[in-house]
Amino acid sequence: MLRQVAEGVLIHQSEFCQSNAVVVQGRAGALLIDAGIYGYEMACLANDLSESGQTVAASFSTHFHWDHVLWHARFGAAPRYGTARCASAIRDWLSGPHWKDSIAGMIPPDIAEQITWDLFGGITGLAAGTARIPWDGPEIQIMEHQAHAAGHAALLIEERGVLVAGDMLSDALIPMLDLNGAADPIEDYLAALRLLEGVAGHVDVLVPGHGSIGGADQVRERIDQDRAYVRALRDAGAPDDPRVGPSATFDWMSGVHERQLQQLARRREREGTPG
Ligand SMILES: [Zn+2]
């Protein structure tokens, strides 16, 4: 079911992990951002679009993680964009021999079997430094940074006051750092939060990749909350954060936090950095 969050901007929330697919209405078809998870949900979204007389003109994936690069045949053959780094990361992963095994390690089998992997990951990289999504609709600014995943992009639809944050600024998920790929994951994350803070004054509606939609009053609040978490993680402290506490939306979030602490401690040992 599509829900309008701003003029010409609609959301379809998945039953998987409160994932938000975003529809932006354009002049000649819609732009889909992070198209969805389960096949039946994407088919439902395709129905909603065709019933309102719209086709999919293009799509954009905020980053290369599996839950952001799925697709459904009924969306058609529209170009599926991502940043250059996003496209090369998914290409590298898919060209390895074992990506299906690594999916099995990431997703419980009952979920994986509800997902159609046929059109998975077919992302066309936009040239590095591309400032806007090339399409016929409201201007959408690409804000690339390196928090969470290589080539992650937040999208600012300024004339609609909407920030599509990808996997940041969630009320349900803590910041998940890129602890395998990045040279300085903590600083990458803090830099990305500063980048988002720079546009916070233009945002009335915040759409996280997972979790609930935030209003203007929540933009700075969520930036501060993410920053406090990342600093606590950096200092190996215990975060005072409802997303990992007893009232957490997802009970597995505390396990993610523990793993991040351990991985950071191991990195420090390897690098010989004191503390
Ligand atoms: Zn995600």
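Side notes on the structure shown:
- Unique match (being under 27 Å from Asp101 (Cβ atoms) and out of contact with any Cys (no Cβ under 8 Å at 6 or more places or on another chain)) among Leu179, Leu156: Leu179
- Within the stretch 11-22, restricting attention to residues that are in a strand (DSSP E or B) and over 17 Å from His63 (Cα atoms), the residue that is nearest to the ligand (Cβ to nearest atom) is Gln13.
- Comparison of Met168, Met106, Met143 shows that the only residue that is in contact with a His (Cβ under 7 Å, 6 or more places away or on another chain) and touching a residue at least 40 places away in the same chain (Cβ under 8 Å) is Met168.
Conditions (1) aliphatic (A, V, I, L, M); (2) crowded, with 16+ Cβ neighbours inside 10 Å; (3) more than 13 Å from Phe60 (Cβ to Cβ), marked per residue:
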| position | (1), (2), (3) |
| --- | --- |
| Gln146 | no, yes, yes |
| Leu156 | yes, yes, no |
| Val164 | yes, yes, no |
| Gly181 | no, no, yes |
| Leu195 | yes, no, yes |
| His202 | no, yes, yes |
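- Among the conditions (1) more than 16 Å from the ligand (Cβ to nearest atom); (2) in a helix (DSSP H, G or I); (3) under 17 Å from the mean Cα position of the chain (by Cα), Asp48 misses just one, which is (3).
- Among residues that are closer than 30 Å to Ala35 by Cα, under 19 Å from the mean Cα position of the chain (by Cα), surrounded by fewer than 18 Cβ atoms within 10 Å (Cβ to Cβ) and not hydroxyl-bearing (Ser, Thr, Tyr), Val230 is not included.
- Just one residue in the set Leu190, Leu169, Leu177 is within 16 Å of the ligand (Cβ to nearest atom), surrounded by 15 or more Cβ atoms within 10 Å (Cβ to Cβ) and more than 22 Å from Ala35 (Cβ to Cβ); that residue is Leu177.
- Residue satisfying condition, being farther than 19 Å from Ile115 by Cα and of a type in the set (A, V, I, L, M, F, W, C), within set Ala21, Ala30: Ala30
- Tally, over the stretch 51-83, of residues that are of a type in the set (Val, Ile, Thr), over 17 Å from Met168 (Cβ atoms) and under 15 Å from the mean Cα position of the chain (by Cα): 1
- Residues of the stretch 31-44 that are touching a residue at least 60 places away in the same chain (Cβ under 8 Å), assigned to a strand (DSSP E or B) and either within 16 Å of the ligand (Cβ to nearest atom) or touching a helix residue (DSSP H, G or I) at 6+ places or on another chain (Cβ under 8 Å) (or both): Ile33 alone.
- Those helices (runs of 4 or more DSSP H) lying entirely in the stretch 64-147 with at least 2 residues closer than 23 Å to Val22 by Cβ: 84-95
- Residue check, Phe64 surrounded by fewer than 22 Cβ atoms within 10 Å (Cβ to Cβ) and within 16 Å of the ligand (Cβ to nearest atom): no
Throughout, read-outs are computed from the coordinates displayed, never taken from laboratory work. Keep in mind the model is a prediction, meaning the values are calculated, not measured. When we count neighbours, we look across all protein chains shown, and the Cβ atoms used for this are built from the backbone with ideal geometry, even at glycine.
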